[in-house]
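So the structure is just underneath, and the comments pick up after that.
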Amino acid sequence: MDWLFKDPVLLAVALGTGLPFLSMAVILIFTRGNPRASCTISISAVCTSFVCAVYLLAKLFHASAPVQYQTAWLLADDVLIPFGYLLDPLSLLMLTIVATISMLVQIYSLGYMAGDPGFSRYYAFHSLFAWAMMNMVIAPSMFQLFIFWELVGLASYLLIGFYYEKYSASQAGKKAFVMTRFADLGFLMGLLILVVGYGNLNILDLCEAGKTHALPNMLVTVSAMLIFCGVIGKSAQFPLLTWLPDAMEGPTPVSALLHSATMVAAGVYMFSRIFPFFASSPDAMTMALTIGTITMLLASTMAMVTYDLKQVWAYSTVSQLGFMVMSLAAGGYFAGVFHLTTHAGFKALLFLCSGIFIHEFHSNDMRVIGKHGGRNLRIPLVCMTVGALALSGVFPFSGFFSKEAILGVLANSPNKIWLYAGLLGALMTAYYSFRLIFFVVFPKGGVEEHHGHHGEDDHGHEEHGGEHHGYIFWCMAVPVMALATVTLLLGFFQSALEGFLMGPSSAVQAVAAHGAHAGGEAQAAGHGAGHYVLLFTAVSLGLGGIFWAYMEFGRRGAAQEGFLSKLPQIQELFARRWYMDDFLRKSLDNFIYAGLTSAFTKNDRRIIDGGIDGICFFTVAGGRVFSFLQSGMLQHNLLVMVAAVGLVVLYFLF
Amino acid sequence: MNALGTYLIIAALLFSLGLLGVLQRRNLIGMLIAVELMLNGASLNFMAFNRFLAPEPAVGQIVTLFIMGLAAAEAAIGLSLILALFRKLRSINVERAQQLKG
C-alpha cells in the first residue's frame, strides 16, 4: 500500500472512484434498514469523489501529457487487456461533471425521496451508478470502458424500475435495458473486430492510430460504425431513441442524473473519447452526422406536443444529444464536448426544478401544475427559467456559448443542410421550452379540476409560497440554485476549457486541430461578417421561438393550444413518437416473436424435448422386452449361470 | 489309473451330483443339501492335490477347514431364511417364491 500513498494523484483517483462502490456494498449489506446511515454513507462517499475530482482537475490542469496508471488484467496470446486509470483533459472534465452532478443530485434526493420505503436501496443504486460511471470515464482501454458501460446500464435499469410495484416502471426499465443491450451488441462486435484486426484496445493507441491513419480503411469504417451502435443505444439516437422518454418512470432525481446529465451522455463521451479514430473514417462520420441530425429534429417535434413536464425535458435531452453527435461528427471536437458539459449542467437543473414541482403537486402534467399555483414556487421557477434560457441558447447563459460553437462548426462544413437543420432545431427547442414555462406561469382553463378542495389548496400555497417546507424544500432548492449559478457562469469559461481540452496533454490534439479550426475559425478569426450573421441568426431564432411560444401560450387571452392542434394528424404523429414504438413493436412481433422465437420454440419442443422423450421411451420399451427373460424362477437363473460359466471354462480350455 | 485320478473323478462326480441336485430339486432344503455336496466335491479336490502334489502339506487342509466352516455358516443362514420363507408362504417349494417383493 505504500506506493499508493507516495503518489497523491493515484491516491485521489483510487479513492474517488473506489469509495462509491464501498458505500454501495456497506449500504446493501449492513444499513438497509437504516435510511439515515445509508444516505450519510453514500453522500460522504460521493462528496469525497467530488473533492478528489476537483483536486485532480486542479492538479493536472497544466499537465503536459496524459497521466496513465495501468496494470495487466488479462493476457491472451498477444492481446493484453489492461485495467487502470487514464487522466487526460477529457476524462478529467467528465469526471468532474459526473462527481459534481452526482453529489448535487444525492443531496437533492434527501428531500425528494424523504420517507420513501426504498430509501436505502435508492442510495445504494446511486452509489453503484457513481462508481460505474466514474470508472468508465477514466478507463484507459475500450474494454474497461465497455465493462463499466454495461454496469452503468445496469444501474440505469435498477433506477428506472425503482418503483418496481408499478407496472409501467418495470416495463420501462426492461425496455431501456433491452434496447441499450441490443445496441451494445454492435458495440461489442466492433470491439472484437478491432481486437482481431488491430490487436489493441488502448484508447491512446487507438487515437494515435487514427491520427496517423495506421489502420486499413475498411477495418476502421466497419468497426467505427459498429461501435457507433453503442452510442445510438446509450445516447438514445435514432432509431433506438424511444427508451429514454419511457425511462422517466424513475424518480425525478434519477432522470436528472442518469437520463439527462451523465449516463446518456456516455455515448457522446465515448464518441469523443476515441474521436481521432472515428475521424479517420469519413463514412462513419457521415453516418453519425445523419443520425444525429435525424434524432435532433425528431425529438424536438415530439417535445412540442407532450404535456408531461419530464417528457418534454426527456425529448429535449434526446435532441441535444443528437446535437452533440452532429457537432462531433462534423469535426467539432471541442464544440461537442463543451455542449456536453453545459448541457449536463442546465439539463440537470431543469430536471431538478421539475422534480420540485412534481414533488409539490404530485402531477407530471404542466397544465395541472400551472393551475395549482406552480408559479408561486419562486426559486424553482426562476431556476427553471434560467435552465430553459440556456437550453434555448440565449445570451449570457451557458447554452448560448456551446450552441454557437456547434453552429459555427456546422457552418464550416461544406454541406449547408446540416447548418439549416441545426438552426431549425434551435428554433424548435426555444419554442417547446417556453411552451412549458408559459403553461406553468400563466395557467388558463382547459384542465378539469381534480378535486373539490382546489381553491383551498391554492390559497394555502399562496400564503406560504412553498417556503414552509423547511428541510425538505431547502435540500432540493440548494442544489438547484448551485446548478443555476453554474449555468449562468460556465459559458464564460469557454476559452479556458478550450485551452485545456485542446492542450498538450490531450489525446486528440492533432486531429482535433483540424476540426477545431472549423469552430475556432468561427470563434477566433471569425469575427468576420459571416460569423456575426450566424450569431445573430441563431440568437434571433432562439428569441423568435420564445416569442412564438409567448404568442400561443403566454399572452393574455392566448388559446394555449399551439399551432399543431390545427393539424391533428401531425400532432398525432408527433405525440405517437412518429410511430416508432409501433414500428418497433410490430417488427418485434413479426420478426422476433413470429420468426426467430417461434423457430426456437419449435426446436425446443420438437427436437430437444422430443429427443429426450424418445430416449425415455426406448429405455422403457427395452426394459419391457428384456423383462420377458426374467421368469422369477431361481433355478432358471442358476441354469443360465452354470451354462455361462461352462462356456467360459470351455473357452479357456480350448 | 493312478491314485490322484481316482480322487479327482470322485470329486467331480460329487460336484456334478450336487449341481444336478441344485438345478433339479424344487425343495429348498434339498437344494441346500445339494450345495453342501458341491462344496464337499471341491474340498475333496483340495485334499487330493494336497496329498499328492503339494510340497507344503498344511495348505490344502487349511482351505478345507475354511470350507467346512463356511458350509456350517451357510447352512445356518440358509436354514433360517428357509424358515422365514416357510412362515410367509407355508411352503418350501422354490417355485412359490417368484417375487422379490413382499
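Read the figures in this text as sums done on the coordinates, not as results from a lab. Everything quoted here is computed from the prediction, not taken from an experiment. Virtual Cβ from ideal backbone geometry, glycine too; neighbours counted across all protein chains shown.
Report the relative contact order of chain A, percent, no decimals, based on alpha-carbon pairs under 8 angstrom and at least 6 residues apart.
Relative CO of chain A lands at 13 percent.
Determine ³J(HN,Hα), in whole Hz, for all residues of segment A:112-128 in sequence, where each value follows from phi through the Karplus function 6.51 cos²θ - 1.76 cosθ + 1.60 and θ = phi - 60°; x replaces Gly and Pro.
Working through the residues one at a time gives 5, 9, 3, x, 6, x, x, 4, 5, 4, 4, 5, 4, 5, 4, 5, 4 Hz.
Kindly identify the protein assembly as shown as rounded, prolate or oblate by the Cα gyration tensor criterion: order the square roots of the eigenvalues as a ≥ b ≥ c, call it rounded if a/c is under 1.5, otherwise compare a/b with b/c, prolate if a/b is larger, else oblate.
prolate
Select from segment A:107-210 those GluC sites (Glu not before Pro) which occupy a DSSP coil region and have at most 10 other Cβ atoms within 10 Å, ordered by residue number. Show your work: numbers first, answer last.
On the way: sites: A:Glu150, A:Glu165, A:Glu208; in loops: A:Glu165.
In loop regions of segment A:107-210 (DSSP not H, G, I, E or B), the sparsely surrounded GluC sites (Glu not before Pro) are A:Glu165.
Based on the alpha-carbon gyration tensor of segment B:3-96 and its eigenvalue square roots a ≥ b ≥ c, which shape applies: rounded if a/c is under 1.5, prolate if not and a/b is larger than b/c, or oblate?
Taking the square roots of the gyration eigenvalues as a ≥ b ≥ c, segment B:3-96 is oblate.
Counting pairs of alpha carbon atoms under 8 Å apart in space and at least six apart in sequence, what relative contact order in percent does segment B:3-96 give?
Over segment B:3-96, the number comes to 29 percent.
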